[in-house]
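Shown next, in C-alpha cells, is the structure this report addresses.
What follows draws every value from the coordinates through simple rules; no lab data is involved. Just so you know, these numbers come straight off a predicted model, no measurement behind them. Every residue, glycine among them, receives a Cβ derived from its backbone with ideal geometry; neighbour counts consider all protein chains shown.
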Amino acid sequence: MKKLPLFAFLLLIACNFPAKEGKKYTFKEVGWAMILPSQFKVLDTTRVKQLNEKGKDLMEKSAGTPVDISSTHTLITAKKGMQYFTATITPFDPHRDGEYAAANKSVKDLVYKTFSDQMPDATLDTASDGVKVSGLDFDRYRLSVALKGKPLFTMFLLSRLYKGYDFGMNYLYTDDLSKAQIESILTSSKFE
C-alpha cells in the first residue's frame, strides 16, 4: 500500500471543501468571486474596524509616522479559530502614488518591522515570489514566525495592481489543514 504524505492528504481533503460546502461571495469592484469554506465565519464591520485600527496603531508605532488606511476598503474578513483570511482594495494611481512595486516593497518592509518590534524574541523568516490566482499574477510575501524554535504562525500577503486598486489578499494560519482550506479559497476563486 502506497502512503500519501500528510500534507498531500490534507491538501486533497481541503481542495474538496469549496465543492461540497461553503458560501459564494462576489466583489463587483474587482470582478472577483470566491467560495468561503463553511468552517470560516465572516466578521462584522465593527470587529473588522477594531482589527484594522489595532494593526494601524502597531504599524504607526513601528514606523514612527502616521499610517493612512482611510481609503482601504475591506471586501471580506473571515476567521476560523486563529486562522484569518482578508481581502482588501485600496485605490492606487501610479501617477499620484508612485511606482506600485516600490509601494508594495514598503508595505512588506513595514509588516516585517512591525512583527519584529512586537515580537523581539521571535524568529522571523520571509520569502517573496509570485503566484497565479485564477490566471492573474499576484506578488506573494510569506512571513513565518517561530518562538524558541516552535512555529507560531505563517502569514501570506498577496497583492497586485488591478482595476485601479491595490488588491490584497492576506491570510494567517497555524496548521496545515487550515492553510489548505484557505488556499482552496484562492484555487476556487474566479475573476471576470
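In deg cm²/dmol, rounded to 500, what helix-only [θ] at 222 nm does the chain give when every DSSP H run of at least 4 residues adds -39500 (n - 2.57) and the total is split over its residues?
It comes out at -11000 deg cm²/dmol, rounded to the nearest 500.
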Karplus-derived 3J(HN,Hα) from phi for segment 161-166 (6.51 cos²θ - 1.76 cosθ + 1.60, θ = phi - 60°), whole Hz, x at Gly and Pro, runs 7, 8, 6, x, 10, 7
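Taking the Cβ of residue 66 as the center, what net charge do the other residues with Cβ under 15 Å away carry, scoring Lys and Arg +1 and Asp and Glu -1?
-2
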With +1 on the Cβ of every Lys and Arg and -1 on the Cβ of every Asp and Glu, the dipole magnitude of segment 6-191 about its Cα centre, in debye rounded to the nearest 20, is 580 debye
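Cross-link list 24/190; 150/179; 49/132; 28/163: which exceed 20 angstrom alpha carbon to alpha carbon?
Checking Cα-Cα distances, 49/132 exceed 20 Å.
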The distance between the Cα centres of segment 141-175 and segment 51-68, in whole Å, is 17 Å
In order over segment 123-129: 3J(HN,Hα) from phi, Karplus 6.51/-1.76/1.60, θ = phi - 60°, whole Hz, x for each Gly or Pro, gives 9, 10, 10, 10, 7, 10, 7
Scoring only Lys, Arg, Asp and Glu (+1, +1, -1, -1) among other residues with Cβ under 13 Å from the Cβ of residue 103 yields -3
Highest mean packing first, using Cβ neighbours within 10 angstrom, the peptides 39-50, 133-144, 75-86, 177-188 sort as 177-188, 75-86, 133-144, 39-50
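Would you work out the relative contact order for segment 6-191, in percent, from Cα pairs under 8 angstrom that are 6 or more residues apart?
26 percent
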Percent relative contact order for segment 85-148, counting Cα pairs under 8 Å at least six residues apart, stands at 25 percent
With the charge dipole of segment 6-191 built from beta-carbon charges (+1 for Lys and Arg, -1 for Asp and Glu) about the Cα centre, the Cα from 120, 141, 181 projecting farthest to the positive end belongs to 181
The local net charge around residue 33, scoring Lys/Arg +1 and Asp/Glu -1 for residues other than residue 33 whose Cβ lies under 10 Å from its Cβ, equals +2
